[in-house]
Amino acid sequence: MKQLKQLARFKAGDMVLIYLTDDQGAVGMELVPAEMEGEICSERRYRLDPMVQLMARGDDFPDGFINGLSMRCAPASYNLHFKGQQKQDTEAGWRVETVLEDERGLRAVHRVDYCTGDEGVKVFTRLENAGTSPVTLMMLTSFSLQGITPFAPDEATGRLNVYRLRSKWSNEGRLEKRSAEELQLEPTWSKYAPRSEKFGQCGSMPVRGYFPLVGVEDQQSGVCWAAKLGCASSWQMEIYRRDDALSLSGGLADEDFGHWSKTLKPGEGLDAPCAYLSVARGNFDQVSQRLSRLNAKERPAREKPLGMPVVFNEYCTTWGLPSAENIEKILSTIGNKGYDYFVIDAGWYADPVKGWGANPGDWELSQYLFPEGLQKTVDAIRAHGLKPGIWFEMEVCGKDAKAFQMEDHLLKRYGKCITVGVRRFWDMRDPWTVDYLTERVIGFLNRYGFEYIKVDYNDSIGMGVDGDESLGEGLRQSVLASQAFFRRIRERVPNVVIENCSSGGHRIEPSMMALADLASFSDAHEEKEIPVIAANLHRVILPAQSGIWAVLRSKDPDKRLAYSVAATFLGTPCLSGDIYDLNAHQWALVDEGVAFYRQASEIIEKGESTFYGPELGSYRKLEGWQGVLRRGEDGRMLLVLHTFGGMAGQEISIPVGQDYSIKAVYPSARGGVGLEDGRLKIDRTEEFEGIGVILEQI
């Protein structure tokens with residue numbers, strides 16, 4: 001094992017970034033809490049793990065029975081040798097750029113950016129071909145972090161836990177905790193055969209299977225590392241081990257996993273997706289929220305802050321028939337409620353015979369739904385004090401649309417149009433397509449003065465498309481072109497609010513959230529698991545970015561209405577449902593909930609969440625309870641509590657501290673909420689209750 005030497009160290013707030021090298025000139029990177037730097041073991045009992053991992057066609061593969069499972073730690077990665085490092089102070093903080101080169105002329109520029117006050121760092125990796133011959137890459141990482149954990153003098157048996165967020169449609173963000181031993185990430189007796197746990201997704205729905213987020217906890221030292229990728233196409237993360245320490249890496253899905261290769265001609269370069277890293281003394285919930293706060297700083301700049309809006313979306317009211325008549329009926333009911341946006345959802349382009357489900361793409365206003373045109377309806381929305389919004393699924397076309405037959409402008413694989421169910425996909429790399437959508441989408445927004453666009457996306461392209469060096473590279477370029485169109489919307493409709501929706505939560509990752517103001521949290525429109533999914537997302541985006549459905553039904557008893565409304569306190573409300581059939585008593589309960597949300601909005605917007613309750617099994621048949629206690633920057637706290645099955649007649653107690661009083665309870669008629677010995681107690685619970693409590697310091 002080659003002896004490791006410290007090359008450099010840089011303090012990044014409460015973290016320290018350490019660069020290590022070996023006697024061959026390879027460079028690795030570690031990140032530790034600043035307060036723990038003195039506790040790093042004097043001798044690192046692990047070899048260097050290169051901070052840039054790559055493989056190209058013709059390179060030797062890694063040994064130890066891992067070929068086909070992983071390309072990490074192949075000879076090519078160790079052949080990238082240190083050429084120089086420079087720290088540059090910036091207006092916001094600092095930047096460290098490290099240059100590595102190999103004998104064939106590949107040049108890796110590894111950059112770490114830190115802004116003063118941030119709780120994480122951003123990592124950028126660029127690979128350039130400074131040689132004389134083309135090189136075809138098969139794998140390139142965005143980041144690679146080694147030395148987990150440097151606080152153990154051995155292989156840290158029983159100390160390391162891995163955290164991931166699994167995700168399925170309407171079941172987003174389920175937390176998975178597995179020990180290193182359970183994942184078979186213990187080193188072998190000889191430390192010969194490496195261990196790898198590689199995961200990710202292949203296609204254009206980046207949050208399908210997993211979120212691009214991973215955490216590793218050293219439970220004995222109380223330190224947790226977390227890494228997140230900003231990638232909206234195929235990506236992978238990898239937890240790797242050969243000796244006494246784990247390494248984390250991630251980036252574009254490689255040729256084995258994502259059908260990706262990329263040829264760099266002499267003088268060409270490639271930028272890997274941005275990665276976000278953090279470490280702290282604390283648990284995964286705390287460290288993941290550090291990254292959420294870091295990501296949130298990349299939200300689009302606005303002339304006026306968006307704040308904490310209340311959105312009404314008519315989808316679960318009309319179910320795809322948003323006619324002028326029924327929108328006027330809705331407005332007559334909610335027009336005096338003080339909501340911020342009214343969103344016309346899918347179906348405004350419906351055909352009287354074929355309907356609306358399979359004809360996105362032409363974007364022609366339905367004359368039978370809006371016989372007097374759309375402007376009258378938009379004006380009515382404004383006249384009732386709301387800002388108008390509209391739904392588009394702009395990157396696809398349906399089988400009943402004329403656009404479905406425009407095959408020259410649609411994505412193909414092996415020369416055939418990619419058809420998924422009733423959908424095909426526009427080739428967003430095609431200038432004709434961009435011009436077409438600029439007229440049909442951006443022109444439409446400007447023509448009517450829409451101030452909100454909900455961008456939906458309801459299937460995946462799959463492993464890749466024709467048109468570039470590989471199917472995976474074609475996919476990457478196509479997704480980057482889609483993101484460029486999002487930026488075009490922002491440039492040409494500067495103050496528009498963009499909602500990032502992909503069958504609910506399939507696109508909630510940093511690079512997409514940097515283009516949007518809000519995200520649709522899930523398509524679980526009116527299911528009882530809504531508060532569970534909404535709480536899960538606190539680990540990946542700020543609640544202020546998370547639009548939560550509250551579908552109001554006239555048949556719902558008070559308890560069910562309060563359950564739905566209270567779930568929106570875990571984000572921002574998106575109301576819908578049988579609103580013109582609610583009676584005065586039901587409306588009073590909803591209005592009270594919206595007023596409570598307004599009162600709690602600053603805590604929701606700026607705070608940190610702690611999660612309470614038993615581990616939940618089935619989401620479809622929930623048992624137990626969930627409490628989310630959010631501590632605001634202003635010293636106040638918000639508890640959002642939901643009970644599930646088996647909770648009749650129980651008492652729930654949550655620690656809050658001694659110096660607090662109860663400011664407000666939702667619903668206000670709910671008794672049995674009090675403080676005792678520094679704990680907030682809720683007694684006489686019923687099954688499937690939703691309760692909000694605001695606490696303020698005495």
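Numerical summary
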read-out	value
Length added when fully stretched, LYS168-ARG382, from 0.36 nm per residue minus Cα-Cα	73.3 nm
Prolate/oblate/rounded call for the chain, Cα gyration tensor, a/c under 1.5 rounded	oblate
Helix-only mean residue ellipticity at 222 nm for the chain, each DSSP H run of n ≥ 4 adding -39500 (n - 2.57), per residue, nearest 500	-5000 deg cm²/dmol
Computed magnitude of the charge dipole of region 88-210 (debye, nearest 20; Cβ of K, R +1, Cβ of D, E -1)	600 debye
Gained length - ALA296 relative to ASN495, 0.36 nm times residue gap less alpha-carbon distance	69.8 nm
For region 202-217, Karplus couplings with θ = phi - 60° (6.51, -1.76, 1.60), whole Hz, Gly/Pro x	10, x, 9, 10, x, 10, 9, x, 9, 6, x, 8, 9, x, 10, 10
Cα-centre dipole for the chain with unit charges at Cβ (Lys and Arg positive, Asp and Glu negative), debye to 20	340 debye
Spatial separation of Cα centroids for region 94-163 and region 172-207, in angstrom	19 Å
Cβ crowding within 10 Å averaged over residues, with 486-498, 23-35 ranked highest first	23-35, 486-498
Nearest-10 value in Å² for the accessible area of PHE82, using the 1.4 Å probe	70 Å²
For region 567-626 and region 392-465, distance of Cα centres in Å	35 Å
Carbon + sulfur, % of accessible area of region 1-75 - ligands and nucleic acids excluded, 1.4 Å	45 percent
Distance between modelled label sites at ALA92 and ALA669, nm, 7 Å Cα→Cβ extension	4.9 nm
Inter-label distance, nm, simple model (7 Å from Cα along the C-beta direction), GLU623/ASP581	3.4 nm
Efficiency of FRET from Cβ geometry, GLU325 and ASP351, R₀ 25 Å, rounded to 0.05	0.90
By average C-beta atoms within 10 angstrom, highest first, the peptides 372-379, 462-469	462-469, 372-379
Dipole of region 222-300, positive end: most advanced residue of ALA296, PRO273, PHE284 [Cβ charges, Cα centre]	ALA296
Dimensions (Å) - region 136-182, Cα atoms, principal axes, largest first	43, 37, 15
Extension gain (nm, one decimal) between GLN85 and ASP154, 0.36 nm per residue minus Cα-Cα	21.7 nm
Cα-centred dipole magnitude for region 201-291, charges only on beta-carbon of K, R (+1) and D, E (-1), debye, nearest 20	240 debye
Most positive-pole-ward Cα, LEU331, PHE342, GLY355, against dipole of region 320-370 from beta carbon charges	LEU331
Computed label-point distance, nm, for sites GLN375 and GLU608 using a 7 Å Cα→Cβ extension	5.3 nm
Rounded D (µm²/s) - region 192-348, Kirkwood Rh over Cα pairs, Stokes-Einstein at 10 °C, 1.306 mPa s	80 µm²/s
Cβ-derived FRET efficiency at R0 35 Å, LEU480 paired with LEU365, nearest 0.05	0.70
Cut-off under 5 Å, modelled amide H: who pairs with CYS274 long-range	GLY230
Accessible area per residue in Å² at 1.4 Å probe, computed on the chain	36 Å²
Table column - 3J(HN,Hα) (Hz), region 479-489, Karplus curve with 6.51, -1.76, 1.60, x for Gly and Pro	5, 4, 5, 4, 5, 5, 6, 4, 5, 5, 4
Listed residues ILE533, MET36, GLY84: farthest to the positive end of the dipole of the chain (Cβ charges)	GLY84
FRET E, pair ASP23, ASP63, Förster distance 30 Å, beta-carbon r, rounded to 0.05	0.90
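The values are calculated or read from the model by the stated rules, or taken from the named source; none is laboratory data. Model, not experiment: these values are computed from the prediction. Cβ coordinates were reconstructed from backbone atoms using ideal geometry, including for glycine residues, and neighbour counts include every protein chain displayed. Keep in mind that these areas ignore ligands, DNA and RNA; they rest on the heavy atoms of the full protein, side chains included. Shrake-Rupley method; radii C 1.70, N 1.55, O 1.52, S 1.80 Å.
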